[in-house]
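Below is one structure; the comments refer to it alone.
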Amino acid sequence: MNGMEAVIAGAIQGTIEWLPISSEAQTMLYLLNSLHMNPQTALSYAFYLHFGTMIAVIIRFREEFIQILRNLRLDYKPTRIILIASLSTAVTALPLYFLLKSISPGQNSSTFTLLIGGMLILTGIIMKASGTSGKKEMDQMTDKDTIITGLAQGFAILPGISRSGITMAALLAQKINQETALVISFLMSVPAALSIFLIDFGTIRLIPLQTAFILTVSSLFFGYISMNVLLKIAKRTPFWIFCIILGAVTILFVLLL
């Protein structure tokens, strides 16, 4: 991967991360089909790209994270939500992670691309079925609400399952206010991204240092500047439609090759 290719990969991750159309899927499709990486290498690069957008979230919501660090108590709602959600995420994410890593490095990229297409369509269906925004605020969330949302987030480790899409769907299905759901989804993303970075570090560390730096800066830059704009768009656009269309196009792309 040269410098320009790293910038493009970071731009894809940073621009799409906030939309429920799976940034991991889009970066994987770019890495598999444009750069012709094998699925294992592409997966590690896709995992690493979340590091830059994680930093963007921390910068954007720095006041919220400062308050959480000052109130590391279970009776402080944001802290409780992040802790319970993160533990719940591990329950579903870890088995799926090991399943993905068991795929042979020589596995045909078309198989992985078909998986991504199918998962995108599934995300769209789940989002459509979740319903509309409710009235519950963060302090009204129960532990059950948090556990369900955390378990749902774990499935986002599968390329094509949008983390923001699946968590938003889970929160909206539990009648959480849409504005609150967006904030909760962002806060939950940081420990999730940090965990997968640490778990997959054995492979991620093989990424050349210069490439890793460009990937981080690019995804951070594009992620930060696009965050507010894309959040506004996401509030009024039915992105479940885009998930299904992108999934269908992805599958059609493979079948026609």
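Every number here is computed from the coordinates shown, using simple stated rules; none is lab data. Everything numeric in this text was worked out from a predicted model, so none of it was measured. Backbone-built Cβ (ideal geometry, glycine too); neighbour counts: all protein chains shown.
Multiplying the sequence separation of residue 67 and residue 253 by 0.36 nm and subtracting their Cα-Cα distance, what value in nm do you get?
The residue 67-residue 253 span can extend by a further 62.3 nm.
From the residues 57, 14, 76, which one has its Cα farthest along the dipole of region 3-256 in the positive direction, the dipole being from +1 and -1 charges on Cβ of Lys/Arg and Asp/Glu about the Cα centre?
Most positive-ward Cα: 76.
So for the chain, taking the charge dipole from beta-carbon charges (+1 Lys/Arg, -1 Asp/Glu), which of 45, 222, 129 sits furthest toward the positive end?
129
If R0 is 22 Å, what FRET efficiency do you get for residue 87 and residue 135 from their C-beta distance, rounded to 0.05?
Once rounded, the FRET efficiency stands at 0.20.
Among 3, 180, 115, which residue has its Cα furthest toward the positive end of the charge dipole of the chain, with +1 on Lys/Arg Cβ and -1 on Asp/Glu Cβ?
180
Under a point-charge model restricted to the Cβ atoms of Lys and Arg (+1) and Asp and Glu (-1), what is the dipole moment magnitude of the chain relative to its Cα centre, in debye to the nearest 20?
380
Quick one: length gained pulling residue 206 to residue 103 fully straight, 0.36 nm per residue minus the C-alpha distance?
35.2 nm
At what distance in nm do the modelled label points of residue 75 and residue 183 sit from each other, each positioned 7 Å from its Cα along Cα→Cβ?
Each label point lies 7 Å from its Cα, and together they span 2.1 nm.
For 31, 256, what's the fewest-to-most ordering of other Cβ within 10 Å of each Cβ?
Ordered by Cβ neighbours within 10 Å, fewest first: 256, 31.
How far apart, in nm, are the 7 Å Cα→Cβ label points at residue 229 and residue 194?
Calculated label separation equals 3.0 nm.
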